[in-house]
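Right, one structure below, let's go through it.
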Amino acid sequence: MAAPRSGAALRYGVIGLGVMGRNHARVIRELDGVELAGVVDPFAIETDIGGVPVHAGLDLLLASGIDAAVVAVPTTMHEEVALRLADAGVHALVEKPIAADVEQGARMTEAFRSRGLVGAVGHIERFNPALQNLRMRLEAGELGDVYQIATRRQGPFPARIADVGVIKDLATHDIDLTSWLAQSPFRTVHANTSRRSGRPHEDLVAFNGRLDDGIITNHLVNWMSPMKERITVVTGESGAFVADTLSGDLTFYENGTDATEWDAVSAFRGVAEGSVIRYALKKREPLRIEHEAFRDAILHGRPGIVTMEQGLATLAVAEAVMQSAAEEREVVVDRVAGPAGTAR
């Protein structure tokens with residue numbers, strides 16, 4: 001692995017000054033042990049942001065000397081930018097999805113692996129406090145056997161997205177977090193999509209899945225809803241966890257231990273209602289936690305990032321979802337890399 005200069009702060013660059021790029025730049029400037037050395041955006045009006053130079057091209061940023069970079073350009077440009085960073089010996093955090101297709105993502109993954117560089121993918125939901133606490137509780141066995149994971153991710157159309165549809169832009173969040181929570185990869189998917197906004201890409205998808213360990217999954221994702229929703233429900237032997245990643249809240253609905261005296265209701269529900277617990281969580285900004293993990297992976301080789309191998313596996317599931325919708329059948333997921341989400 002390429003090592004940063006001894007005793008010096010890691011010098012970072014940000015490539016792409018859209019909404020996410022500016023958020024990355026903000027967090028980097030506030031992070032201990034790193035320094036924002038420059039940003040790249042050929043269309044930026046500014047010549048600097050807070051004293052940090054804005055370059056028109058990547059060559060100028062690389063010439064200034066950087067250790068790591070965030071790639072926040074349109075998805076179709078991920079491979080080109082990432083491969084140039086790898087050739088220059090620069091660690092990279094690439095916004096999700098890792099690439100426009102699996103072939104591009106595989107080339108990126110191999111480029112960083114072969115050079116001993118840290119390559120991370122920005123699946124930020126893993127760093128949400130509600131999901132991190134939920135993952136810890138699942139690992140501790142608090143839910144017992146897990147039966148089902150269901151997600152809902154819907155809201156208005158984001159004008160900033162133009163090069164991919166809702167599956168690769170949004171559903172990749174749910175694919176990654178589901179495999180990560182369950183520590184099991186997707187085996188099969190069955191999907192339906194629709195185009196309602198007049199764009200060439202799908203803007204609604206509903207798909208079911210089955211993980212290798214038998215867990216059933218269900219995912220509702222769209223850009224056509226007037227309300228914004230980010231919900232994950234994990235149902236198991238002892239009850240159900242509900243995580244709201246917009247608010248960072250985690251709630252547990254316990255299976256009751258007292259039998260109900262209303263026979264008709266008891267027979268219908270199958271389980272009894274128990275206590276409801278809303279956990280008090282320390283709510284830190286997920287993007288900051290993600291950057292801390294990226295920094296620590298570079299400096300100390302610590303686990304915690306979403307690796308490019310995992311990002312590639314997530315993209316393979318997304319492409320299987322697209323294939324399923326196009327062919328109107330269940331599709332077995334192609335294992336192009338390690339199981340999505342299974343490493344901590």
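Annotations
- At q = 0.21, 0.25 Å⁻¹ the log10 of I(q)/I(0) for the stretch 57-102 amounts to -0.65, -0.89, computed by Debye summation with a single uniform scatterer per C-alpha, solvent ignored.
- Equivalent ellipsoid dimensions for the stretch 104-146 as semi-axes, Å, which come from the Cα gyration tensor, largest first: 32, 12, 9
- The C-alpha atoms of the chain define a longest principal axis, and helix 19-29 lies at about 70 degrees to it.
- Taken over the stretch 78-163, the alpha-carbon convex hull comes to 158 cubic angstrom per residue.
- Taken about its Cα centre, the chain carries a charge dipole of about 620 debye when Lys and Arg each add +1 at the Cβ and Asp and Glu each add -1 at the Cβ.
- For the chain, the pair-distance distribution built from all alpha carbon pairs, in bins 10 Å wide starting at 0, is 6, 24, 32, 24, 10, 3, 1, 0 percent.
- Rounded to 10°, Cα long-axis angle of helix 308-327 versus longest principal axis of the chain: 60
- Expressed as a whole percent, the accessible area of the chain that falls on carbon and sulfur atoms is 51 (1.4 Å probe).
- Dimensionless Rg over Rh [the stretch 6-147; C-alpha; Kirkwood]: 1.04
- Projecting the Cα atoms of Ala206, Gln323, Leu36 onto the charge dipole of the chain, computed from C-beta unit charges around the Cα centre, puts Leu36 farthest toward the positive end.
- Per-residue accessible area (protein heavy atoms, 1.4 Å probe) orders Leu61, Leu281, Leu220 as Leu220, Leu281, Leu61, starting from the largest.
- Under 19 Å from the Cα of Lys228 - lysines, other chains or at least 8 residues apart: Lys168
- For the stretch 70-195, the residue among Ala140, Ser184, Met108 whose Cα projects farthest onto the positive side of the dipole built from Cβ charges is Ala140.
- Computed over every Cα-Cα pair of the stretch 110-250 and binned at 10 Å starting from 0, the pair-distance distribution P(r) comes out as 11, 38, 33, 16, 2 percent.
- More than 16 angstrom apart: percent of Cα pairs within the stretch 1-76: 46
- Nearest-ten-degree value, helix 286-300 long axis tilted from longest Cα axis of the chain: 60
- Area of Arg210 that stays accessible when all protein chains are in place (1.4 Å probe, Å², to 10): 100
The values are calculated or read from the model by the stated rules, or taken from the named source; none is laboratory data. Small disclaimer: the values here were computed from a predicted structure and weren't measured. Because the Cβ atoms are built from the backbone with ideal geometry, glycine has one as well, and the counts that use them run over all protein chains shown. The area values use the complete protein model at the heavy-atom level, side chains included, leaving out ligands, DNA and RNA. Shrake-Rupley method; radii C 1.70, N 1.55, O 1.52, S 1.80 Å.
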